[in-house]
Amino acid sequence: MSRKKKSKGIPPWLIGLIVLLLGAAAFLSLRQNSADASLRTVEELNPNLYYENANSLRGNTYKIDVTIDSSLGNSPSRGRLFSVAAKNTDQNAPQAILPVLVPLRLGNLTIQKGQHYLMKVKVVENGLLQVEDAQKP
């Protein structure tokens, strides 16, 4: 009577488990980098240029890496106004404080002093920075 020789290959369930783990790792990696990816093509705002003449930047969109400094006001028709401290890449330059308006459509953001955000802002009338998107890094 002949016996069937068992193959010593990798069991199919183990291959399935490895594929599942690799898929989960790829998903988590992409999810963590989604905040940076959505702002990757947006130019970073130069605070010195903004201070010199904010109206010359009107209509342009920029990204800023900020920490919430304080709440300046709340308007039921326009949104919430905050002052933010922009991270400065130049260590010798003083920290830049900028005004940002969080419109009503972004009312789901719970913004508190000291929180760190990556923001996509548009320079609107009178040089005010209006937030289009804000994400915690």
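All of the numbers you see were taken from the coordinates with simple rules; none came from a lab. Only a predicted model underlies this, so the values are computations on that prediction, with no experimental measurement involved.
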Non-local amide H neighbours of Asp133 (under 5 Å, H modeled in plane, Pro and chain starts lacking H): which ones? Lys120
Spherically averaged projected area in nm², based on the convex hull that wraps the Cα atoms of segment 51-137: 5.8 nm²
